[in-house]
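Reading through the structure tokens given below for one structure.
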Amino acid sequence: MTMRRRRLLVAVCCLLVAAAWPRAAVARSSKYAAIFNFGDSLADAGNLCVDGIPDYLATARLPYGKTYFGYPTGRVSDGRVVIDFIAQELGMPLLPPSKARNASFHLGANFAITGATSLDTSFFEARGLRHAVWNSGSLHTQIEWFQDMKPSICSSPQECRELFRRSLFVVGEFGGNDYAAAIFAFRPLEEVHEFVPHIVDSIGRGVEKLIAEGAVDLVVPGVLPTGCFPLYLSTFRREDQPEAYGPRSGCIKGLNTLSWVHNAMLQRKVAELRTKYPGVRIVYADYYTPAIQFVLHAEKWGFLRQTPRTCCGAPGVGEYNFNLTSKCGEPGAYSCPDPSNHWSWDGIHLTEAAYGHIAKGWLYGPFADPPILGKQD
């Protein structure tokens, strides 16, 4: 790619990201003064795009963004992601990416960036996995970005603490990329399980850093059931081991067990933090349960009843519609006619429809403990 074309792509992407904000702006609710979001590609709203477009970044091309925006915005979905639905339900505008230029962050910012991990790069380097992780901004790096932003949104430490006391902080999801670094390096699953306490402890320390900044209302999401996603089902296919798959779901049991263990340990960490900080409200938000329900009870959620299958992909291994050489946004890939009847968008991320169901479950139950806004009547 020529330097001129690269600069043009960066400029176009930045303009498209910026153009997405006003469209969703609505009257502001008095519930929260601002929203600050941290995370990885499940919540990235354009930070990776704003910082420059890697040649291989298919997510900066259509059909990403086709459903809601009509063009790619840096979100790894066909439209909105969970944090977008939450912001809109709270009467807030969509959060601008924290790296956006000439943006106002007085109502909040989205620090999430594709490739983010819970743990810093040094953890992976020490285990010979530096080549396996693409860490564009760990949780703790994102918190540093947040701290660096403070002078632009409040004039004194006291003013900042008052703003943060009236704000919602969404801390994650984190962990998916940490585990993927070892899984796709084909490390034994027993070794990957050893990462869990390190990752959960890192998330806990991140939450405590934000509490120290003045946060009193936080949401801490768990991870998705990795074994249900076409990327993993295609890469780790075991036709000679039917016992490795859930008899009803068709998901890889070992990978889902890893996700379940992470979530169980994270919920224990949340309980510890609630005890340690009684004046702080910490919500545990569940990605795992809704995703499993999308597989097992697809019709209930408006999805097609089928083996886990991408909406946007290309004929791949078996029936998952996924191929590493023709991923969504690349030549040879295509999008299904109606993404709203699929839960899996590109083999590892979800469709706007799926994110909308999850967001509602976080806001009103049953996919959050306690629900962000309480149960609906």
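Per residue, the average separation of C-alpha pairs within less than 8 Å and at least 6 apart gives the range 85-128 a relative contact order of 25 percent. Site-free segments of the chain were taken between chymotrypsin sites (Phe, Trp or Tyr not before Pro) in DSSP loops having at most 11 other Cβ atoms within 10 Å, sites themselves excluded; the longest one is 187-377.
Entry note, the range 136-237: relative contact order of 42 percent, from Cα contacts under 8 Å with a spacing of 6+ residues.
The H on the amide N of VAL283, modeled in the peptide plane, is under 5 Å from the matching H of LEU218, VAL219, VAL220, each at least 5 residues off or on a different chain. Coupling constants for the range 167-183 follow from the phi torsions by the Karplus curve (6.51 cos²θ - 1.76 cosθ + 1.60, θ = phi - 60°), and in residue order they are 10, 9, 10, 10, 10, x, 7, 10, x, x, 6, 4, 5, 4, 4, 7, 4 Hz; glycine and proline get x. Taking a sphere under 12 Å around the Cβ of GLY356 and counting the other residues whose Cβ falls inside, with K and R at +1 and D and E at -1, yields a net charge of -2.
A straight Cα-to-Cα reach below 19 Å connects LYS360 with the lysines LYS31, LYS300, LYS375, residues fewer than 8 places away in its own chain not being considered. Within the same chain, lysines fewer than 8 places from LYS276 are excluded, and of the rest, those with a Cα less than 17 Å from its Cα are LYS209. Specify which residue in the list ALA181, ALA353, PRO230 is farthest towards the positive end of the charge dipole of the chain, using unit charges on the beta carbon of Lys, Arg (+1) and Asp, Glu (-1), about the Cα centre. Final value for the positive-end residue is ALA353. Given 20 °C and 1.002 mPa s, how large is the Stokes-Einstein diffusion coefficient of the chain in µm²/s, with Rh as the Kirkwood radius over Cα pairs? After rounding, the answer is 103 µm²/s. Computed over neighbours whose Cβ is under 13 Å from that of ALA215, the net charge equals +2, Lys and Arg +1, Asp and Glu -1.
Relative contact order, whole percent, for the chain stands at 16, derived from Cα pairs under 8 Å and 6 or more residues apart. In this Cβ point-charge picture (+1 for Lys and Arg, -1 for Asp and Glu), the chain has a dipole of about 740 debye about its Cα centre. Bridgeable lysines around LYS327 (alpha carbons under 22 Å apart, same-chain partners fewer than 8 residues away excluded): LYS66. Of the residues CYS228, CYS154, the one with the fewest other Cβ atoms within 10 Å heads the list, and the complete ranking is CYS154, CYS228. Beyond 16 Å, the tail of the calculated P(r) for the range 194-307 holds 65 percent of the Cα pairs. Scalar couplings 3J(HN,Hα) for the range 103-113, obtained by applying the Karplus form with A = 6.51, B = -1.76, C = 1.60 to θ = phi - 60°, are 10, 9, 10, 5, 9, x, 7, 10, 8, 4, 8 Hz; x denotes Gly and Pro. The phi torsions of the range 117-132, fed into the Karplus equation with coefficients 6.51, -1.76 and 1.60 and a -60° offset, translate into couplings of 10, 6, 8, 6, 4, 4, 4, 6, 4, 5, 10, x, 10, 4, 6, 9 Hz, rounded to whole numbers, with Gly and Pro shown as x. Footprinting exposure proxy ranking of GLU299, GLU213, GLU208, GLU159, fewest other C-beta atoms within 10 angstrom first, gives GLU299, GLU159, GLU208, GLU213. Projecting the Cα positions of ILE153, PHE124, ILE113 onto the charge dipole of the range 97-161 (unit charges on Cβ atoms of Lys, Arg, Asp and Glu, taken about the Cα centre) puts ILE113 furthest along the positive direction.
Every number in this text was worked out from the coordinates using simple rules, so none of it is lab data. If you're wondering where the values come from, they're calculated on a predicted model, not measured in any experiment. No Cβ is skipped: glycine too gets one built from the backbone with ideal geometry, and neighbour counts run over all protein chains shown.
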